[in-house]
Amino acid sequence: MSSGNVAGSGSAAAAGGGGPCGACKFLRRKCVPECVFAPYFDSEQGAAHFAAVHKVFGASNVSKLLLHIPESRRLDTVITVCYEAQSRLRDPIHGCVAHIFNLQQQVVNLQQELSYLQAHIAAMHLPAPPPLQQQQQLLVPVSPAILDFSPIPVAYDLSTVVAPQSSWSLYPRQQIEPQRQFSNTASQAAVGVGGGCDLQEMARELLNRHAPPMVGCSNQTSSLPPKSC
Amino acid sequence: MNSSRCAACKHLRRRCPSDCIFAPYFPSNNPRRFAYVHKIFGASNVGKILQDLPVSYRGEAANTLCYEAYCRIKDPVYGCAGIVDQLNEQLKIAEYQLATIKAAITTALQPSYLLDQSLPML
């Protein structure tokens, strides 16, 4: 394997003589120097994470996705793709959308409480606190009008996304008994213990691995707080 | 018959069988729904996900898959995670506003404040 691989930090298995990356190991194929997955899926735990990604999205689709994204943004892409894949394996019905529903409901509830209290403030003839943010937009509906493939030049704080959540779904899961795992092999490899802890751990692994400046990769804001699960 | 094919089978250019897994959730009048999930997840993966679920939950699963796919197409880097982050920010703002208002009300209800302001008792 070429040592000139962009993931030459020594963590990616494709660099040097470390063997195949986690993705190629899972796919049982030769890991080429220019493997798009190698910088992000190491040969040890990377295979487990990739198993989830492959199960939900498919290697080909993720490869195409990554190839259309600048290298500097691929780390965040991998983290969010892994997050969505893990979420979908845990909750095949809602995936990570359950989390969105939950947050959206919390926002709505708080806004209702705010409106109620603001009315009280007005009734008490008190000076009103700073106005509520008017740009609080609720979730967009699922029927989009525009198919836009251009990347949005915004960096998000992924620590708020991959942190463990106490309750993700508004829907009573106990009422159903769906097959929560697509296959024992993939899910046991992909779904770690501790709920969202494995996502944090995975993201932390990726970020620690990419901490030194790398060719073609710039440090984005995808940093996690050093807290334990 | 071509006219009875669902959006998925039309997209995949195949015959739509009577027990097509996609047909109930990807009607022919909304081809974009399937186009999104096909691009992000692939038809095979979507089919497997739906197949593994009880029939009563497949519609919901199809909807969330469509939404996830749409988010990923619109924001290839962050997908749904970007929405989560935005909502977390909105939550923080709303919580801050709520705390501010509650503090203002609490202050206003203090007896000394009421005496100073000559406000009517609630």
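The values are calculated or read from the model by the stated rules, or taken from the named source; none is laboratory data. Here the structure is a predicted model, which means the values were calculated and not measured. No Cβ is skipped: glycine too gets one built from the backbone with ideal geometry, and neighbour counts run over all protein chains shown.
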Q.
What are the pairs with Cβ atoms under 8 angstrom where one residue, in region B:46-67, is free of Cβ contacts under 8 Å to residues at least 60 places away in the same chain and within 22 Å of residue B:83 (Cα to Cα) and the other, located anywhere, is β-branched (Val, Ile, Thr) and not in a helix (DSSP H, G or I)? Sequence gap at least six, or different chains.
A. B:60/A:93; B:61/A:93; B:63/A:142; B:64/A:93; B:66/A:142; B:67/A:142
Q | Test for residue A:30: is it basic (Lys, Arg) and either more than 19 Å from residue B:78 (Cβ to Cβ) or in contact with a helix residue (DSSP H, G or I) (Cβ under 8 Å, 6 or more places away or on another chain) (or both) | A | yes
(Q) Condition (residue is under 30 Å from residue B:99 (Cα atoms), at the interface with chain B (Cβ under 7 Å from one of its Cβ atoms) and modelled with pLDDT of 90 or more) applied to region A:85-98: is it met by at least one residue? (A) yes
Q.
Taking the conditions exactly as written (of a type in the set (Val, Ile, Thr), modelled with pLDDT under 95, touching a Pro at 6+ places or on another chain (Cβ under 6 Å) and part of a helix (DSSP H, G or I)), does residue B:107 satisfy them or not?
A. no
Q: Can you work out which of the residues in region B:70-86 that are hydrophobic (A, V, I, L, M, F, W, C) and surrounded by 24 or more Cβ atoms within 10 Å (Cβ to Cβ) is farthest from the other protein chains (Cβ to nearest Cβ)?
A: B:71
Q) Among the numbered criteria (1) within 20 Å of residue B:5 (Cα to Cα); (2) in a loop (DSSP other than H, G, I, E, B), which single criterion is violated by residue B:44? A) (2)
Q: Determine whether region A:65-75 contains at least one residue that is modelled with pLDDT under 95, touching a helix residue (DSSP H, G or I) at 6+ places or on another chain (Cβ under 6 Å) and buried (at least 18 other Cβ atoms within 10 Å of the Cβ).
A: no
